[in-house]
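The values are calculated or read from the model by the stated rules, or taken from the named source; none is laboratory data. Keep in mind that what you see is a predicted model, and the values were worked out from it rather than measured. All Cβ positions, glycine included, derive from the backbone under ideal geometry; neighbour counts span all protein chains shown. With ligands, DNA and RNA removed, areas are computed over all heavy atoms of the protein, side chains included. Shrake-Rupley method; radii C 1.70, N 1.55, O 1.52, S 1.80 Å.
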Amino acid sequence: MKGIIFTELVRFMEKVKSADFADAVISGSELPNNGAFTSVGNYPSEYALNMVAEASAQSGIEAAELCRLYGKYLYGRFNILYPHIMESYRTAEALLTHVGSHIHNEVCILYPDAQPPQITAQESAEKTIISYQSHRPMAAIAQGLVQGCMEHYDDRRALEWSISEDGKSATFTITG
């Protein structure tokens with residue numbers, strides 16, 4: 001998994017709680033690298049899962065909820081870190097329907113060793129369905145990203161989702 005996910009996860013914990021909380025989570029996660037992440041490095045996804053589990057244990061907030069909140073935060077960070085990509089979309093629907101065909105292609109150009117989740121979109125007059133599939137159990141982060149996107153564009157349509165029990169796939173339905 002790309003290091004930016006880890007560096008932003010640490011930044012998220014520092015912002016939401018404190019630097020001491022982030023340090024305690026990293027220490028409690030017993031990571032082989034002691035939490036030394038770079039944004040361009042690659043790290044096992046288990047490191048992030050360990051950190052989320054430890055943050056959940058220390059905060060009392062369910063891991064899935066922490067991931068959802070992190071996803072919303074991460075959407076905002078992507079707007080700052082990758083404005084040349086994000087600014088090319090004028091609506092939430094335009095961005096969400098191009099994650100798989102454009103944004104993840106850009107990710108793979110920037111980071112040739114990246115393995116982003118598979119995102120597909122189906123549009124009709126009544127609804128838009130976004131499907132998420134990954135080999136990692138992080139669909140709750142995708143949920144937060146979708147919510148963050150819709151909030152960013154002030155898109156007030158209804159958003160429903162279903163996430164698989166293993167957290168590796170999800171379906172997001174936008175109606176209205």
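Of all the numbered requirements in (1) in contact with a Ser or Thr (Cβ under 9 Å, 6 or more places away or on another chain); (2) of a type outside the set (A, V, I, L, M); (3) open to solvent by 60 Å² or more (accessible area, probe 1.4 Å); (4) closer than 21 Å to I129 by Cα, N105 misses one, and that requirement is (1).
Applying the selection to the stretch 1-26, what residues are aliphatic (A, V, I, L, M) and touching a Phe, Trp or Tyr at 6+ places or on another chain (Cβ under 8 Å)? Spell out how you get there, then give the answer.
First, the residues of the stretch 1-26 that are aliphatic (A, V, I, L, M): 1, 4-5, 9-10, 13, 16, 19, 22, 24-26.
M1, L9, V10, M13, V16 - these are the residues of the stretch 1-26 that are aliphatic (A, V, I, L, M) and touching a Phe, Trp or Tyr at 6+ places or on another chain (Cβ under 8 Å).
Restricting the stretch 5-16 to residues that are of a type outside the set (F, W, Y) and open to solvent by less than 20 Å² (accessible area, probe 1.4 Å), the residue that is farthest from G71 (Cα to Cα) is M13.
Checking the structure you have, find out if any residue of the stretch 117-126 is within 14 Å of the chain's Cα centre (by Cα), part of a strand (DSSP E or B), hydrophobic (A, V, I, L, M, F, W, C) and under 17 Å from F78 (Cβ atoms).
Looking only at the stretch 117-126, we keep the residues that are within 14 Å of the chain's Cα centre (by Cα), and these are 117-119.
Retained after the next criterion (residues that are part of a strand (DSSP E or B)): 118-119.
Checking the rest, the ones that are also hydrophobic (A, V, I, L, M, F, W, C) come to 119.
Restricting the remaining residues to those that are under 17 Å from F78 (Cβ atoms) gives 119.
The answer is yes; a qualifying residue exists.
Here W161 meets each of (1) modelled with pLDDT of 95 or more; (2) part of a loop (DSSP other than H, G, I, E, B); (3) in contact with a helix residue (DSSP H, G or I) (Cβ under 7 Å, 6 or more places away or on another chain) with one exception, condition (2).
Given the stretch 1-109, what helices (runs of 4 or more DSSP H) lie entirely inside it while holding 3 or more residues that are in contact (Cβ under 8 Å) with a residue 24 or more places away in the chain, closer than 24 Å to T120 by Cβ and within 13 Å of the chain's Cα centre (by Cα)? Give the derivation first.
Numbers: elements: 3-16, 19-29, 45-59, 63-81, 83-86, 92-96.
Where helices (runs of 4 or more DSSP H) fall fully within the stretch 1-109 and carry at least 3 residues being in contact (Cβ under 8 Å) with a residue 24 or more places away in the chain, closer than 24 Å to T120 by Cβ and within 13 Å of the chain's Cα centre (by Cα), they are 63-81.
When D155, D166, D113 are checked against the criterion of being in a loop (DSSP other than H, G, I, E, B) and either without any contact (Cβ under 8 Å) to a residue 24 or more places away in the chain or open to solvent by less than 40 Å² (accessible area, probe 1.4 Å) (or both), D155 stands alone in meeting it.
For the stretch 133-152, indicate whether the set of residues that are in a strand (DSSP E or B) and either open to solvent by 80 Å² or more (accessible area, probe 1.4 Å) or farther than 20 Å from T7 by Cα (or both) is non-empty. Yes, the stretch 133-152 contains at least one residue that is in a strand (DSSP E or B) and either open to solvent by 80 Å² or more (accessible area, probe 1.4 Å) or farther than 20 Å from T7 by Cα (or both).
Taking the listed residues A19, A92, the one that is over 22 Å from P112 (Cα atoms), out of contact with any helix residue (DSSP H, G or I) (no Cβ under 8 Å at 6 or more places or on another chain) and open to solvent by less than 60 Å² (accessible area, probe 1.4 Å) is A19, with no other qualifying.
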